[in-house]
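The values are calculated or read from the model by the stated rules, or taken from the named source; none is laboratory data. Small disclaimer: the values here were computed from a predicted structure and weren't measured. Neighbour counts run over all protein chains shown; Cβ positions are idealised from the backbone, glycine included.
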Amino acid sequence: MDNVKEITRKHLKTLLAFIQKRGIILGILAMLGVGYGLAASGRPQDQLSPDQQVTFRKEEAYLQAFLAKSDRPEVGVHLEELLEFKIGDGTGELSTKGTTPETLVKKLGGAKQARLESKARTQLLRLSYGTTQDGRDRYQFEFTHMKDGYYLTAIQGYQPTSKQNIESKQLKKAALTSLASGKEKTGMKLEDILQKVGLPQSLLLNRKDGKTVLVLTYRAQEGLVFLTLQAQKDAHYHLVKVE
């Protein structure tokens, strides 16, 4: 602190002498230069120490552990298998923590892409698997960072496949809106929905209001239809809403 005061005193003394010789206008310009010099010098306690500075080496090494060795890994995972992974809600509570990326990679193999994304309050890890015919990622697994690591909080799928050899169908909107929905176990089961109307165009699996929710998006002839299913105690997903 004493060093900063001494530097400031010397700069001001030089500045006053300069103003007397060169005039006020040039003096103002000199003041700007002094201010810049003081800001550049800074106080040691305001500067980041080396261990506080951001480094990406650890992040790069962390992501490499989740990547496949080949350039174009294709994973034969099906819609039904996605439901085997535990989806957490991001609160950090032990009972609501989702599958870890290490466990997922051990089951599926390495991802074709891994990346970190910074959000306002946390950081996300995204692992991408598979490629559709139009070049899009077939599956994206989203992990939210908590105190002790990353945990699965959402799965997105585009043009998913089924182990039952079910395919997508050309449907009218009425075929989807007529599906039986209801509270808890009264709605139609996922397995029955797939058999009746085929595979969705896309899906989203996450947690909402303490429930694991699966949203299936179908492209009917008249437009998009969204089917919302919830995981129930009978270990099945039941239809609760059609939009």
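Brief remarks follow.
- In region 99-155, residue surrounded by the most Cβ atoms within 10 Å (Cβ to Cβ) [restricted to those that are of a type in the set (D, E) and within 15 Å of the chain's Cα centre (by Cα)]: E142
- Single match in I193, I155 (criterion: touching a Leu at 6+ places or on another chain (Cβ under 7 Å) and in a helix (DSSP H, G or I)): I193
- Hey, L127 out of contact with any Ser or Thr (no Cβ under 7 Å at 6 or more places or on another chain) and within 19 Å of L83 (Cα to Cα) or not: yes
- Residues of region 112-119 include none that is assigned to a helix (DSSP H, G or I), assigned by TED's automatic domain parsing to the domain that holds L67 and either at pLDDT below 95 or among the basic types (K, R) (or both).
- Close Cβ contacts (under 7 Å, 6 or more residues apart or on different chains) running from residues in region 223-243 that are under 15 Å from S178 (Cα atoms) to residues that are among the hydroxyl-bearing types (S, T, Y) and not in a strand (DSSP E or B) comprise V225/T177; L239/S181; V240/S181; K241/S181; V242/T177; V242/S181.
- Restricting region 205-234 to residues that are more than 14 Å from L82 (Cα to Cα) and among the small types (G, A, S), the residue that is surrounded by the most Cβ atoms within 10 Å (Cβ to Cβ): A220
- Cβ-Cβ distances below 8 Å connect no pair with a first residue in region 181-200 that is over 12 Å from Y218 (Cα atoms), a second residue that is at pLDDT below 90 and of a type in the set (F, W, Y), and a separation of six or more residues or different chains.
- Test: residue in region 224-238 that is under 21 Å from the mean Cα position of the chain (by Cα) and not assigned by TED's automatic domain parsing to the domain that holds E60: no
- Test for K241: is it in a loop (DSSP other than H, G, I, E, B) and within 29 Å of the chain's Cα centre (by Cα): no
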